[in-house]
Amino acid sequence: MKQKKLLMMTAAWLTGLMAGHAQEAETFSIATLNVDGLPQKILVAKVNPDGPGGGGSVRIGRYLQKRGYDMVFMQEDFNYHEELTVPMEDDYQLDSWTGDVGVDGHQIDFLHLQNHRFECDGLMGAWKNGIMLTSTSRTSWRANFGKFSHALDEIVTKGFRRYELTLKGGQQIVVYNMHMDAGDTADEREGKDSLDRDARLKQWNQLRDDILTRLDTRPVIVVGDLNSYYCRDQIKSNFIDVIEATGRAKVYDAWVELQNGGNYPAPVDGIMCCEAEGNILESGEVLDKVLYVNPSDGIGIHAVSYKLDTTDYQHDGKMLGDHYPVSVTFQIGNHKATGINEIVNRKSSNSQLFDLQGRRVDGHVRGIVIERNGENIHKRMIK
């Protein structure tokens, strides 16, 4: 009798503990979007003639306001900043804007254009009212390639911004937003983009070192136009594997987890390996990514949904910019990992694992066994 009472008390305590965990968990959404804000022309020179311009940028801002993501991190917010952000001002707090690309308001030595660089990064963050920014910093890339070619990466001051944010429920996260080195599509298809890839590799390494230097107990989310494919760039071996080898954190990619079966695409030498332009699928890899880093001794988050919005991000049948928005919904709580439910039928000896969204998953898990009745065992596992 005493043993039965002890088991009942233990089960009740564990149930209360997990119920408390469910109450403490918080869900939030984050989106990354290249808003294609380069000017359509500078003086008489065409720069981005197919870009959204002022009118298209207003539509992008209205799209973001309607979507209502908890956080939005943008790239290429250059010449249409007001048009882009005015529709969002009532619902969001906005990061500081570093300026446009053009002639007006800039001192330019036209005799030595090769030395000119606009001191703007095109990065912009927006977070819903109620989310608090506690700290932010801006860092320039140490390596770039391409002044008058290869996507003109050296004409602006690209880099990353780091944000320390407190969610509405009180949980704290760190977000990195960035725009990495690009390249010419023709060179990529012909395998002549080695200098662009070298610059990106150095940027991945710089990002990795910054994350490890400042890593604490808070989860870290990495978003942006990374101009990187796993099949083309050494992301896993130079970024993910190196961080995990320290034993201080685990790294995940939301697309890999939720759209690609947990598998990282293998590197392919010498050719561009992305989806053909105009044939972008949600299940396919894109340049815009959402990765996250869970510290071993801190609070964990996990991605519960991934979305590439190829449907609503259009006007008159055309994409509003040159990238579709990528959004991910996360769950965060005071426990370091996700819950898994396991139902075991003793008669058939069959076992199935489901995550908290009801999706079947595979893999070995460890956890707490709670006996509900004499025939079936219900296990709630904290991985």
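All of the numbers you see were taken from the coordinates with simple rules; none came from a lab. Keep in mind the model is a prediction, meaning the values are calculated, not measured. Here the Cβ positions follow ideal geometry from the backbone for every residue, glycine too, while neighbour counts run over all protein chains shown.
Listed values, structure above:
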read-out	value
Summed residue charge, Cβ within 11 Å of LEU320's Cβ, Lys/Arg positive, Asp/Glu negative	-2
Sequence ranges 312-321, 85-94, ranked by mean other-Cβ count within 10 angstrom, highest first	85-94, 312-321
Table column - 3J(HN,Hα) (Hz), the range 200-214, Karplus curve with 6.51, -1.76, 1.60, x for Gly and Pro	5, 4, 5, 5, 4, 5, 5, 4, 4, 5, 5, 4, 5, 5, 9
Sorted peptide list for 241-251, 205-215, criterion being average Cβ within 10 angstrom, highest first	205-215, 241-251
Using a Förster distance of 30 Å, the FRET efficiency for LEU133-ASP50 (Cβ separation, nearest 0.05)	0.30
Gain in span if fully extended, ALA143 to LEU287, counting 0.36 nm per residue against the direct Cα distance	49.9 nm
Long-range amide H partners of VAL304 with built H, under 5 Å	THR329, PHE330, GLN331
